[in-house]
1. Take the Cα pairs of segment 116-228, get the Kirkwood Rh, then feed it into Stokes-Einstein at 4 °C and 1.567 mPa s and tell me D in µm²/s.
2. For segment 220-290, what value does the Rg/Rh ratio take when both radii are computed over Cα atoms and Rh is the Kirkwood radius, given to two decimals?
3. Taking 0.36 nm per residue of sequence separation and subtracting the Cα-Cα distance, how much length would be gained by fully extending the chain between H414 and D402, in nm to one decimal?
4. With equal scatterers on the alpha carbons only and no solvent term, can you work out the Debye log10 of I(q)/I(0) for the chain at 0.06, 0.07, 0.10, 0.12 1/Å?
5. Report relative contact order for the chain in percent, whole number only (criteria: Cα-Cα under 8 Å, sequence separation at least 6).
6. What are the ³J(HN,Hα) values, in whole Hz, obtained from phi via the Karplus relation 6.51 cos²θ - 1.76 cosθ + 1.60 with θ = phi - 60°, for each residue of segment 139-145 in sequence order, with x given for Gly and Pro?
7. Using every pair of alpha-carbon atoms in segment 165-313, split the distances into 5 Å bins beginning at 0 and state the percent of pairs per bin, rounded to integers.
8. May I ask for the distance between the Cα centers of segment 257-302 and segment 204-245, given as a whole number of Å?
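Please treat every number below as a calculation from the coordinates, not as lab data. Note that the structure is predicted; figures quoted are calculated from it, not measured. Counting neighbours? That spans all protein chains shown, and the Cβs are built from the backbone with ideal geometry, glycine included.
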Amino acid sequence: MIQSYKQKHEISDHYDTIIIGSGMGSLTTGAILSKEGQKVLILERHYTPGGFTHVFKRRGYEWDVGIHYIGEVQRPNSIIKKLFDYITDKELQWADMGDVYDRIIIGDQSYDLVKGVQNFKDKILEYFPQEEEAISKYVEMVFEATKSSKNFYLDKVLPSLAQKFSGSIMRKPFYKFSDKTTDEVLRKLTNNETLIKVLTGQYGDYGMPPKKSSFFMHASVVRHYFSGGNFPIGGSSRIVETIEPIITKSGGTIVISAEVDSIIIEDDVAKGVKMKDGRKIFAENIVSGAGLMTTYEKLLPSEVVAKFGLKEQLQKVNRSVSHACLYIGLNGSPADLNLPKTNLWIYPDDADHDTCVERYIADINEAFPVVYISFPSAKDPDWSNRYPGKSTIDIITLIPFDEFAEWTGTRWKHRGPEYESKKEKISQRLLEELFTQLPHLKGKIDCYELSTPLTTEHFINYEKGEIYGLDHSPQRFRQKFLKPKTPIKNLYLTGQDIVTAGIGAALFSGVLTTTSITRKNILNKIMKQGNNLI
Ligand SMILES: Cc1cc2nc3c(=O)[nH]c(=O)nc-3n(C[C@H](O)[C@H](O)[C@H](O)COP(=O)(O)OP(=O)(O)OC[C@H]3O[C@@H](n4cnc5c(N)ncnc54)[C@H](O)[C@@H]3O)c2cc1C
């Protein structure tokens with residue numbers, strides 16, 4: 001017997017597909033394969049399922065970790081909406097955050113990003129009346145860049161031979177955008193530094209400032225939120241709760257506290273997994289949603305890594321940055337405390353984004369290069385039914401892993417007084433940022449707790465506490481091996497690393513992975529099922 005997500009389950013020795021990790025990509029892969037009639041086993045090492053969609057509960061509060069807002073789920077025909085409807089049998093519902101999804105705050109000036117493409121343009125034009133041409137051209141390029149990605153994604157599921165012959169031609173229009181940095185593209189449109197800073201004010205959503213990030217990544221985030229921000233009603237845990245029945249219906253299971261030690265490879269074919277407790281479970285297909293680095297560095301035998309040239313692949317990509325998040329509990333409901341739904345992005349006003357990041361990495365006592373404040377309890381209309389008279393706020397900033405590296409290997413909650421004191425200093429700085437924006441919250445804070453890169457390493461197994469798996473440089477988008485099929489027979493990848501960071505992207509990775517496994521046009525099937533999903 002083994003502890004599944006909800007109850008004790010008998011685990012068989014054989015499944016159609018075993019999926020490592022229970023993040024958004026893994027859950028989507030599991031749900032789609034289950035709907036294709038497969039018996040699926042999802043193995044999650046954490047004691048809560050969902051990867052970054054998990055929530056944690058402490059001191060009478062509940063905090064979401066890796067979801068603050070998602071775009072495109074109110075548009076009935078969007079791929080993201082149809083996919084969520086498909087994998088949850090329409091059980092997952094979304095709350096609209098309202099007209100202003102993000103507010104970019106630079107010094108004492110603030111700039112709202114508003115829902116709807118024309119509204120977005122009009123609003124930015126209000127702030128920068130001299131920049132009409134640049135703003136129009138910018139929005140046009142955002143659309144062009146995202147449109148060009150169709151073949152980039154299609155290429156990921158083509159058989160290797162077809163990929164070799166047609167791939168580079170298919171990808172060419174995409175590379176035109178992905179090869180350039182965000183800064184390069186924007187500087188061709190305007191030399192207004194403030195406009196550039198505002199338009200790139202969501203860079204925290206992909207973790208790389210404009211001179212380092214690929215313009216494609218920038219464009220895909222910007223476009224994603226043009227239709228506004230949304231939050232899962234009932235909190236992020238509703239994602240796994242609504243997907244699980246689809247998996248169990250086909251005889252599958254989501255198991256927690258189940259760490260995979262290694263992937264069993266025999267005669268160059270993936271056959272199963274060995275668990276940390278030594279148990280072996282076998283399947284026709286093995287899918288890893290644990291991230292490229294974790295899969296190749298920790299889960300595969302070194303001789304397999306060497307034989308298939310996987311080390312060379314790893315050398316071509318980099319880890320994304322790491323972060324700290326201050327999880328705050330407050331006395332008073334979101335309405336009592338007048339909490340906004342809009343996310344706040346706060347930046348210093350004396351330098352561009354890249355300079356702010358560089359000086360802070362050199363000395364973290366310098367101004368935070370970005371502070372992101374999110375108000376999850378205000379976004380969720382069901383919150384006050386579950387937690388009356390309470391509220392939560394999350395504040396995120398960048399923290400280099402090296403700042404906490406000396407505590408690697410220490411035990412969670414037992415890392416010692418110096419670690420706690422370093423955390424407290426950062427917490428106080430972040431609280432100060434909050435009180436500058438919302439001074440009426442002074443005296444309302446009931447509790448707070450800071451996560452560090454070591455927390456991310458501990459719970460989600462990203463070795464350097466990476467916030468978004470691989471980074472989103474132009475070079476990343478040139479790597480053809482970032483696709484579901486690995487060189488090892490019957491071993492597949494899913495999750496953010498084979499597409500990009502973001503819930504919508506990880507969701508889509510599940511479509512790519514299941515397309516590779518079943519060799520069926522899964523997307524077509526889902527889009528066609530339209531309104532008759534159940
Ligand atoms: C702080 C933060 C805020 C974010 N905010 C947003 C947002 O507002 N909107 C948005 O769209 N995106 C957001 N994201 C990004 C988004 O959450 C991720 O891109 C996405 O959830 C990644 O999904 P994934 O499928 O790649 O799996 P992950 O969520 O990365 O999960 C991987 C899973 O694999 C498990 N695992 C690892 N090793 C093993 C092993 N050996 N055995 C078993 N299991 C293992 C891990 O425990 C983990 O559960 C945010 C991310 C973070 C960190």
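1. Answer, rounded: 87 µm²/s.
2. Taking Rh as the inverse mean 1/r over Cα pairs, Rg/Rh reads 1.13.
3. Gain on extension, H414 to D402, equals 2.4 nm.
4. The computed values of log10 I(q)/I(0) come out as -0.27, -0.37, -0.79, -1.19.
5. 24
6. Rounded to whole hertz, the list is 4, 4, 5, 4, 5, 4, 4.
7. Per 5 Å bin, starting at 0, the Cα pair percentages come out as 2, 7, 11, 11, 11, 12, 13, 15, 10, 5, 2, 1, 0.
8. Computed from Cα coordinates, the inter-centre distance equals 29 Å.
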